[in-house]
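First comes the structure, then the notes that go with it.
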Amino acid sequence: MADRFLNERRQVMEVAKELERLGLVAVSSGNISVRVGDRKHNLMAITPTSKPYAELTVDEVAVVDYEGEPVEGDLPPSSEMYLHVAIYQARPDVQAVIHTHSIYASVCAVAGWDIPPLVDEVAVYLGGPIKAAQYGFPGTRDLADKAVAALEDRKAILLRNHGMAACGASLTEALAHCRLVERVAQIYVHARNLGAVNVLPADVVEKERTMYLMKLRAQQKG
Ligand code: 13P
């Protein structure tokens with residue numbers, strides 16, 4: 001009987017449907033997870049693999065441990081579960097991870113561009129540039145390791161020739177970060193097309209990073 005962690009699984013389902021409404025994912029692309037239960041049990045609720053979000057039900061949202069062993073849910077977890085696991089293992093501040101194939105972020109990921117701090121929110125909310133991770137084959141621990149290496153202490157990355165991933169101290173925050181990455185990627189693509197990319201001055205970015213780090217430290221303490 002799939003009845004544990006229903007609140008978190010419902011949240012995952014709702015965020016999946018919201019991402020699709022926003023046009024940040026399509027059909028079943030991308031994946032969404034949130035930590036559940038006691039930290040020592042290393043559990044997450046995560047979207048099932050290949051299930052169209054329009055049809056997704058709460059019971060189908062999987063709960064698995066960090067090896068992918070099923071705990072709840074009627075379907076197998078996302079094929080990108082190692083990406084989610086690797087971020088949870090590296091980052092105690094992170095409660096939720098979202099991976100999308102949103103268009104402008106994917107354009108930058110295909111180009112292999114790191115997105116610099118073009119507008120204030122990049123450093124304030126995401127911690128600095130949105131770096132493009134080295135390419136990793138989808139669904140592998142290699143992709144996950146390269147993603148974590150590019151993420152460092154920030155909140156979003158581009159996955160080369162693939163898409164993006166963002167994390168947050170809650171699912172709401174991770175969703176906001178996905179929207180921000182897509183908006184900033186769009187600005188960057190257009191500014192590059194105009195031939196006029198002016199990044200924020202280094203002293204401004206440094207002040208914004210300081211603000212970011214203060215919040216991050218509070219989130220790390222939990
Ligand atoms: P899943 O359906 O297995 O989550 O995979 C979707 C995806 O976007 C892979 O990168």
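Every read-out reported here was derived from the displayed coordinates using simple, explicitly stated rules and does not represent laboratory data. All values derive from a computational prediction rather than experimental measurement. Methodologically, a virtual Cβ is constructed for each residue, glycine included, from the backbone with ideal geometry; neighbour enumeration extends over all protein chains shown.
Quick check of the Kirkwood formula: for the chain, what is the inverse mean of 1/r over all pairs of different Cα atoms, in Å? Write down the numbers at each step before the final one.
On the way: mean 1/r = 0.0577 Å⁻¹.
17.3 Å is the Kirkwood radius here.
Here the stretch 102-148 yields Rg over Rh of 1.02, to two decimals, using C-alpha coordinates and the Kirkwood radius.
Taking 0.36 nm per residue of sequence separation and subtracting the Cα-Cα distance, how much length would be gained by fully extending the chain between R183 and Y66, in nm to one decimal?
Numbers: separation 117, 0.36 × 117 = 42.12 nm, distance 3.17 nm.
Stretched fully, the R183-Y66 segment lengthens by 39.0 nm.
Figure the gain on full extension for T210 and N42 (residue separation times 0.36 nm, minus the Cα-Cα span) and round it to one decimal in nm. Numbers along the way, then the final one.
Numbers: separation 168, 0.36 × 168 = 60.48 nm, distance 3.05 nm.
That pair, T210 and N42, stretches by 57.4 nm at full extension.
Full extension of the chain between N198 and D74 gives 39.7 nm of extra length, using 0.36 nm per residue less the Cα-Cα distance.
How high is the FRET efficiency between T140 and Q220 when r is their beta carbon distance and R₀ equals 22 Å, given to the nearest 0.05? All intermediate terms of the calculation are to be shown ahead of the outcome.
On the way: r = 28 Å, r/R0 = 1.27.
According to the calculation, E is roughly 0.20.
The alpha-carbon of K131 sits under 12 angstrom from the alpha-carbons of these aspartates and glutamates, leaving out residues fewer than 8 places away in its chain: D114, E152, D153. Take every pair of alpha-carbon atoms less than 8 Å apart whose residues are at least six positions apart; their mean separation over the length of the stretch 99-158 yields a relative contact order of 32 percent.
Hey, could you grab the Kirkwood Rh for the stretch 44-127? Inverse mean 1/r over distinct alpha carbon pairs, Å, one decimal. Mind dumping the intermediate values first?
On the way: mean 1/r = 0.0670 Å⁻¹.
About 14.9 Å for the stretch 44-127.
Can you divide the C-alpha Rg of the stretch 115-222 by 2.2 N^0.38 Å and report the result to two decimal places?
So the stretch 115-222 has a normalised radius of gyration of 1.08.
Spacing of the modelled spin labels on S50 and A111, each 7 Å from Cα toward Cβ, amounts to 3.4 nm.
Restricting everything to alpha-carbon atoms, can you work out Rg to Rh for the stretch 1-75 with a Kirkwood hydrodynamic radius? Spell out each step's value before the answer.
Details: Rg = 11.7 Å, Rh = 12.2 Å.
Ratio value, two decimals: 0.96.
Spacing of the modelled spin labels on H101 and R4, each 7 Å from Cα toward Cβ, amounts to 3.3 nm. Note on R21 and A191: with the Förster distance fixed at 22 Å, the Cβ-Cβ geometry gives a FRET efficiency of about 0.20.
The alpha carbons of the stretch 111-177 give a radius of gyration and a Dmax of 11.6, 34 Å, in that order.
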